[in-house]
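Notes for the one structure printed next.
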Amino acid sequence: MKNIKTQVGIIGAGPAGLTLALMLQKEGISSIIIENRSREYVENRIRAGLLEHNTVEVFDKLGVSERLHREGLVHHGCYIAYNGVTQRIDFQKHTQREVTIYGQQEVVKDLIKVCFDRKIEIVFEADATEINDFMTEKPSISFTHSGENNTLNCDFVAGTDGFHGIGRKTLPKESYNEFKIEYPFSWLGILAYSKPSYDELIYAFHHEGFALASMRSEKVCRLYLQVPNDEKIENWSDEKVWAELENRLGIALNKGEIFEKSITPMRSFMIDNMQAGRLFLAGDAAHIVPPTGAKGLNLAVADVRNLAKGITDFYKNNNEELLDNYSKKCVARVWRVQDFSNFMTYLCHKQAESGSFEQLLQKSKFDYLRISEAYQKTIAENYVGLPFEAFE
C-alpha cells in the first residue's frame with residue numbers, strides 16, 4: 001500500500017478536474033488527479049463543442065489556449081428557425097462577446113498535455129473507492145491502481161468525477177435537495193467528415209421534430225435530430241439521417257462519411273448543495289443540463305473557478321469565507337443556466353400536435369423573438385455566458 005500526500009485531491013480528469021489543477025498550480029498549490037479511465041479513453045470521449053467567452057478567457061489566463069485559437073471557430077451569432085422561418089441572434093451586437101467552436105475532447109487533450117508539461121500528476125486507470133474523513137481537516141481518498149491499494153492524503157477533495165462518480169455518492173443525502181426533469185425525447189447525434197454548408201449553428205423547430213446543425217471544425221460536422229426516447233440507432237441508416245436532417249433544417253448538406261452515431265437522452269438534473277466539510281463537487285457531479293443550451297463544460301469551468309479562488313484564499317489568507325459560500329455562488333449560476341437550457345429546449349423541440357394550444361404558444365414565442373430585440377438580447381447574453389462577476 002502507498003500513502004501519498006498532496007494539498008488537493010481531485011477525482012476525475014475531465015475539463016473540471018484538469019482546469020482546477022492548473023488554476024491551483026498557478027497559485028502554488030499542489031494537487032494530484034485520480035482518473036478511473038485510460039488517457040486514451042478520456043482524450044477521445046465525445047462531448048460538447050461550444051466554449052463561452054468566459055471559458056476561453058479562463059484558458060487564456062492559464063496559458064492553454066494556443067491550439068484553441070489556432071483551430072477553433074469563432075462565432076458571432078446563431079440561427080433559430082421555426083418551420084423554415086429563420087431569425088439570426090447577433091451575439092456581437094447585443095453583448096460584444098462571442099463563442100468558440102472547439103471540441104471538448106480537444107480541450108481535454110490540451111489540458112492533459114499542459115498538466116504533464118507542468119509536472120501535475122495524473123494517475124490514470126485508478127479507481128477511487130472511498131472518500132474518507134471529509135468532515136475533518138484531514139480527508140483522504142482510497143483508490144486502487146495496478147492492483148494495489150493506495151491512500152491519497154490531502155487537505156481538500158474535489159469531486160469532478162461526473163454524474164455516476166463517487167463524489168456525489170459520498171455527499172450526505174440529507175445535505176441537499178435534488179431536482180430533475182426527464183424530457184420526453186432524445187437526440188440522435190452524428191459526427192461526419194464533411195465541410196459545413198452553414199456558417200453558424202442552426203437551431204431548427206420542424207413539425208417532424210427538432211434539428212441542430214453544429215460543427216467541430218471546418219472539416220467535421222456535428223448534427224442532431226430529435227427522436228423518441230425508445231428509438232433504436234439501427235433504425236437510422238446514414239442515408240435516412242442525411243435526408244431527415246435536410247428536411248428539418250431546410251438546407252442542402254455536404255454528406256460526408258458519418259464516423260460516429262449515438263442517441264442521447266435529454267435531462268436536467270441538479271442538487272442545491274455542492275459541499276460537505278472538505279469535500280467539494282464541481283461539473284457533472286452536481287448538475288446536468290440538456291445540450292440545447294451548450295452549457296455543460298462552461299458551467300464546470302465556472303464551478304472550479306469559484307473553488308480555486310476559495311482554496312487559494314484559504315492557503316494565502318487563512319480565510320474560509322469563499323469556501324463556505326462556494327455552493328451558494330455556484331448554485332445561483334446553475335439555476336440561471338438550467339432556466340436558459342430548459343427555455344431553449346422547450347422553444348425548439350416538438351412537444352405537441354400542430355394546431356394545439358401548446359404548439360401555438362410555442363409559435364408565439366418565436367414570432368415575438370423575430371420582432372423583439374430585447375428578446376434576442378436575452379438569448380444572446382445567456383448563450384455567450386453571463387460574466388462571472390454577475391454571480392459574485
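The values are calculated or read from the model by the stated rules, or taken from the named source; none is laboratory data. Quick caveat, the model's predicted, so the values are computed rather than measured. In this analysis, Cβ positions are derived from the backbone assuming ideal geometry, glycine residues included, and neighbour counts consider all displayed protein chains. With ligands, DNA and RNA removed, areas are computed over all heavy atoms of the protein, side chains included. Shrake-Rupley method; radii C 1.70, N 1.55, O 1.52, S 1.80 Å.
With +1 assigned to the C-beta of every Lys and Arg and -1 to the C-beta of every Asp and Glu, and no other charges, what is the dipole magnitude of the range 81-144 about the Cα centre in debye, to the nearest 20?
On the way: 8 positive and 11 negative charges, 102 e Å.
About 500 debye.
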Mean-square fluctuation check for the chain, GNM, Cα pairs under 10 Å: which of Met215, Met344, Met135 is largest? Met135
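Could you give the accessible area per residue of the chain, probe 1.4 Å, as a whole number in Å²? Don't skip to the answer; put the middle values down first.
On the way: 16950 Å² over 392 residues.
Per-residue value: 43 Å².
Give the value in nm², to one decimal: projected area of the alpha carbon convex hull of the range 13-61, averaged over all directions. Display every interim value, and only then the final one.
Numbers: hull surface 16.1 nm².
Spelled out: convex hull of the Cα atoms, projected over all directions, averaged, 4.0 nm².
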Of the peptides 271-280, 249-258, how do they stack up when ordered by the mean number of other Cβ atoms within 10 Å, highest first? 271-280, 249-258
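Given the Cα-Cα distance of His207 and Lys316 and 0.36 nm per residue of separation, how much length would full extension add, in nm? All intermediate terms of the calculation are to be shown ahead of the outcome.
Working: separation 109, 0.36 × 109 = 39.24 nm, distance 5.74 nm.
Extra length from His207 to Lys316 when fully extended: 33.5 nm.
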Estimated vicinal HN-Hα couplings, Hz - the range 203-214 in sequence order (Karplus 6.51, -1.76, 1.60; Gly, Pro = x): 9, 10, 7, 9, 5, 8, x, 6, 9, 10, 9, 10
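Grab the beta carbon distance between Tyr375 and Glu148, set R0 = 56 Å, and tell me the FRET efficiency rounded to 0.05. Don't skip to the answer; put the middle values down first.
Numbers: r = 58 Å, r/R0 = 1.04.
The value I calculate is 0.45.
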Tell me the accessible surface of Glu57 in square angstrom (1.4 angstrom probe, heavy atoms of protein chains only), to the nearest ten. 80 Å²
Pick from Asp117, Asp90, Asp238 the residue whose mean-square fluctuation is largest in a GNM of the chain, springs joining Cα atoms under 10 Å. Asp117
Ignoring ligands, DNA and RNA, what percent of the 1.4 Å accessible area of the range 247-317 is carbon and sulfur? 47 percent
Taking the Cα centroid of the range 79-135 and of the range 7-48, what is the distance between the two, rounded to the nearest whole Å? 12 Å
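When ranked by the protection proxy of mean other Cβ atoms within 10 Å per residue, highest first, what sequence do the peptides 362-375, 188-201, 66-79 form? Let's see the in-between values first.
Values: 362-375: 13.4, 188-201: 18.9, 66-79: 16.3.
Ranking the peptides 362-375, 188-201, 66-79 by packing returns 188-201, 66-79, 362-375.
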Just to be sure I understand: of the beta bridges DSSP finds with both ends in the chain, what percent are antiparallel, rounded to 5? 70 percent
For a quick check, take a GNM of the chain with Cα springs below 10 Å and name the residue from Ile89, Ile33, Ile181 with the largest mean-square fluctuation. Ile181
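Roughly how big is the range 140-241's charge dipole about its Cα centre, with Cβ charges of +1 (Lys, Arg) and -1 (Asp, Glu), in debye to the nearest 20?
Details: 10 positive and 15 negative charges, 23 e Å.
Charge dipole of the range 140-241: 120 debye, to the nearest 20.
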Treat each spin label as a single point 7 Å out from the Cα along the C-beta direction, and report the Lys219 to Glu389 distance in nm. 4.1 nm
Value of Rg/Rh across the range 136-206 [Cα atoms, Kirkwood radius]: 1.19
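Of all the C-alpha pairs in the range 261-392, what % are more than 23 Å from each other? Can you show the working numbers first?
On the way: 3839 of 8646 pairs.
In whole percent, the long-distance tail amounts to 44.
Can you work out the FRET efficiency for the pair Glu239 and Lys119, with r the C-beta to C-beta distance and R0 = 51 Å, to the nearest 0.05?
Working: r = 50 Å, r/R0 = 0.99.
Plugging the Cβ-Cβ distance into 1/(1 + (r/R0)^6) gives 0.50.
When all alpha-carbon pairs of the range 212-297 are counted, what percent fall beyond 19 Å? If you can, show how the numbers build up before the last one.
Numbers: 1972 of 3655 pairs.
The calculated P(r) of the range 212-297 puts 54 percent of pairs beyond 19 Å.
Taking Cα pairs under 8 Å and at least six residues apart, what relative contact order does the chain come out at, in percent?
Values: 821 pairs, mean separation 80.5, N = 392.
That works out to 21 percent.
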Using only C-alpha positions, report the orientation-averaged shadow area of the convex hull of the chain, nm², one decimal. 19.5 nm²
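If N is the number of residues in the range 105-160, what value comes out of its Cα radius of gyration divided by 2.2 N^0.38 Å?
Numbers: Rg = 13.3 Å, N = 56, 2.2 N^0.38 = 10.2 Å.
Rounded to two decimals, the normalised Rg is 1.31.
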Using θ = phi - 60° and Karplus 6.51 cos²θ - 1.76 cosθ + 1.60, couplings along the range 48-62 (whole Hz; Gly, Pro as x): 5, x, 10, 10, 5, 3, 4, 5, 4, 4, 4, 5, 4, 5, 7
For the range 286-302, just list the computed ³J(HN,Hα) in residue order, Karplus coefficients 6.51, -1.76 and 1.60, θ = phi - 60°, integers in Hz, with x standing in for Gly and Pro. 10, 7, 10, 10, x, x, 4, x, 6, 10, x, 4, 5, 5, 4, 5, 4
Relative to the compact-globule estimate 2.2 N^0.38 Å (N residues), the Cα gyration radius of the range 307-347 stands at a ratio of 1.64
What are the aspartates and glutamates whose alpha-carbon lies under 20 Å from the alpha-carbon of Lys328, with same-chain residues fewer than 8 places away excluded? Glu174, Glu178, Asp272, Asp284, Asp303, Asp313, Glu320, Asp339, Glu389, Glu392
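Starting from the exponent 0.38 and prefactor 2.2 Å, build the expected Rg for the range 1-83 from its residue count and divide its actual Cα Rg by it. Working shown, then result.
Working: Rg = 16.7 Å, N = 83, 2.2 N^0.38 = 11.8 Å.
The value comes to 1.42.
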Here is the link list: Lys61/Lys113; Lys26/Lys329; Lys61/Lys329; Lys5/Lys138; Lys329/Lys377; Lys255/Lys295. Which ones come out longer than 18 Å on Cα distance? Lys26/Lys329; Lys61/Lys329; Lys329/Lys377; Lys255/Lys295
